1. Run the reach check for LYS258 against lysines, Cα to Cα strictly under 21 Å, same-chain hits fewer than 8 apart removed. What comes back?
2. Can you list the DSSP H helices in the chain whose Cα atoms extend at least 18 Å along the helix axis and whose mean Kyte-Doolittle hydropathy is -0.5 or higher?
3. May I ask which residue of PHE6, ALA163, GLY21 lies farthest towards the positive end of the charge dipole of the chain, with charges of +1 (Lys, Arg) and -1 (Asp, Glu) on Cβ and the Cα centre as origin?
4. Let me check I've understood the local charge: for PRO33, count other residues with C-beta under 11 angstrom from its C-beta, Lys and Arg +1, Asp and Glu -1. What total comes out?
5. Can you find, among ILE211, ILE102, HIS132, the residue farthest towards the positive end of the dipole of region 86-223? Put +1 on the C-beta of Lys and Arg, -1 on that of Asp and Glu.
6. If you take every DSSP beta bridge whose two residues both sit in the chain, what share of them, in percent to the nearest 5, is antiparallel?
7. Could you compute the net charge surrounding LEU225? Neighbours are other residues with a C-beta less than 13 Å from the C-beta of LEU225; K and R count +1, D and E count -1.
8. Among all the lysines, which ones have a C-alpha under 19 Å from LYS73's C-alpha, if same-chain residues fewer than 8 places away are not counted?
Amino acid sequence: MATTFFDRFEKRLFELDELLGLDRDMSFRPVAPQTPRVLSIEQLEAFNRDGYCCPLDCFDANEIAVYRSGFDKLLEATLAEGADSLSVVDPHLRHAWMYDLIFEPRLVDCIKDLIGEDIACWGTHYFCKLPHEPKQVAWHQDAFYWPFEKARTVTVWLAIDDADRANGCMQVVAGSHLHDAIEHRVTRKEEQNALRFTVEGAEVYGTIADIALTAGQFSVHSDLLLHGSGPNPSDRRRCGLTIRYIAADTANFADWNKSGVMICGEDVRGLWPNPPRPE
């Protein structure tokens, strides 16, 4: 049996009761729609209202082909090691081209519009569903899993491949980020969930929407937004890169800062070890 990304995850994983016991601020902080750099006022209002914004253009076909080729090599090596296709975790710590990608101005300028000038990146992870992949990613809030003192992460989901409903694109529950912490339960084996926890009855928290993206486009979403994705029954691969950007003054309750790189601004609390660019 292939190992999963939990087996390769180098940060401490918390059990359900531990997460429930953490004293965290799980409230959404609206964006102040003042002189944005790249997003429009309407897009900022949509992010505040819905918890996400998409599609956003970044890389053209030639540019994303270079990153796709880079991922193909990472995936080949990962599968050869006996891990599954979801197990390419924190490649920015090991590959210079990935380290450089998290500083891409077309991504970072968008994040500045959402969380301000002081930004760290604490994680990267490829969510790759191979053709005919039966696993789903059940409804969940990212912030529920993550042991940060407050919910201040915005995720970039960059489409490496075209993503649509047919090959298991991400889905969101628009407006669910306004419900603060939502109850999760431990997932059951028969659910074929790639994650450890799930939310039941997600549709009561808002409106379900597909995040269909062309390769090179990206979406951004709040860490409080309910989201997930179904299996990939198609003949096409569906890969997206998640980049986790956080307000740099946000501490954590474990070791989740150790992969953190300061992207811009100041680390006023000295929270981020800022590992060097890999050779």
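Here, each number is a calculation from the coordinates, and none is a lab measurement. Small disclaimer: the values here were computed from a predicted structure and weren't measured. Here the Cβ is made from the backbone with ideal geometry for all residues, glycine too, and neighbour counts use every protein chain on show.
1. LYS11, LYS150
2. Working: long enough: 61-80 (28 Å, 0.23).
Flagged H segments are 61-80.
3. PHE6
4. Summing Lys/Arg as +1 and Asp/Glu as -1 gives -3.
5. It is HIS132, whose Cα lies furthest towards the positive end.
6. 90 percent
7. -3
8. Partners found: LYS129.
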